[in-house]
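Okay, so here's the structure we're looking at.
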Amino acid sequence: MPYNTYPYELPPLCYPYDAFEPYIDAETMHYHHDKHFAAYIDNLNKALEPHPQLQKLTLEQLLSRSLPPAVREPILRNGGGVYNHCKFFDGLAPVRLAATSRNPTLNAMLDKHFGGLEAFKKEFSQTAIDLFGSGWACLALTRQGALKIITLHNQETVLPLGAVPVILFDVWEHAYYLKYKNDRAGYVHNLWNLIVTPKLHESL
Ligand code: MN
């Protein structure tokens, strides 16, 4: 993954901006990827520029360990933004591809942990809709092999919990407001059409 060490570069979007229409419009994709995501990359690089010793760490290491107080906030906010957006954009695919990439192993785990795919989607969606302010709904895989739905505020990540994200829904307003305005629930509902579920070993 190109995001993994300093200096960070904006990973190219693997699909055309309009690939996710009608669920995510091209203008939103343009602003989300080229402006918002890019700003996290730029600001992470700026935060790391005066700290050669921190530049040697991978993004996962930066987000998992304690950092000097003077740089902690800018690195966690912007590094978290980089990490979450990498995972979010990697997890999207045009409808037909998303529909054919369901992962049987994950589905079996969702059955076990949530009582089935539909029950999981309902609980996950409600978590995303209920999140107050800006943040992410995350299906996380823990080191113990459990699946958990976790609410992340702002640009928190699941890395300090010793977990990795399997599915991330961005519910910052910049992810949906141009098309959906205040209808976060409509956006969350439609996002399921575009979600690919990675093989679990790729998440670990
Ligand atoms: Mn975003």
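The values are calculated or read from the model by the stated rules, or taken from the named source; none is laboratory data. Small disclaimer: the values here were computed from a predicted structure and weren't measured. Note: ideal-geometry Cβ built from the backbone for every residue, glycine included; neighbour counts use all protein chains shown. Each accessible area value is taken on the protein alone, full model and side chains, heavy atoms only, with ligands, DNA and RNA left out. Shrake-Rupley method; radii C 1.70, N 1.55, O 1.52, S 1.80 Å.
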Study note, to complete from the structure: Across the stretch 134-179, the tally of residues that are assigned to a loop (DSSP other than H, G, I, E, B), open to solvent by 20 Å² or more (accessible area, probe 1.4 Å) and of a type in the set (A, V, I, L, M, F, W, C) stands at 2
Review point. Of a type outside the set (G, A, S), under 18 Å from G81 (Cβ atoms) and open to solvent by less than 40 Å² (accessible area, probe 1.4 Å) - does that describe any residue in the stretch 19-30?
Key: yes
**Study point:** Pair list, Cβ under 7 Å, 6 or more apart: the stretch 85-107 residue within 16 Å of the ligand (Cβ to nearest atom) and among the hydrophobic types (A, V, I, L, M, F, W, C), other residue open to solvent by 30 Å² or more (accessible area, probe 1.4 Å) and at pLDDT 90 or above
**Key:** F89/L13
Exercise for review: Only residues in the stretch 113-142 that are in contact (Cβ under 8 Å) with a residue 24 or more places away in the chain count as the first member; pair them with residues that are open to solvent by less than 50 Å² (accessible area, probe 1.4 Å) and among the basic types (K, R), Cβ under 7 angstrom, at least 6 apart or cross-chain, and list the lot.
Suggested key: I129/R184
Practice item. Keeping to the stretch 1-18, report how many residues are of a type in the set (S, T, N, Q) and either open to solvent by less than 60 Å² (accessible area, probe 1.4 Å) or modelled with pLDDT of 95 or more (or both). Key: 1
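Yes/no per residue for (1) aromatic (F, W, Y); (2) closer than 28 Å to E21 by Cα; (3) open to solvent by less than 50 Å² (accessible area, probe 1.4 Å):
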{"site": "F37", "(1), (2), (3)": "yes, yes, yes"}
{"site": "H51", "(1), (2), (3)": "no, no, yes"}
{"site": "E60", "(1), (2), (3)": "no, no, no"}
{"site": "L67", "(1), (2), (3)": "no, no, yes"}
{"site": "V71", "(1), (2), (3)": "no, no, yes"}
{"site": "G79", "(1), (2), (3)": "no, no, yes"}
{"site": "N84", "(1), (2), (3)": "no, yes, yes"}
{"site": "G91", "(1), (2), (3)": "no, yes, yes"}
{"site": "R96", "(1), (2), (3)": "no, yes, no"}
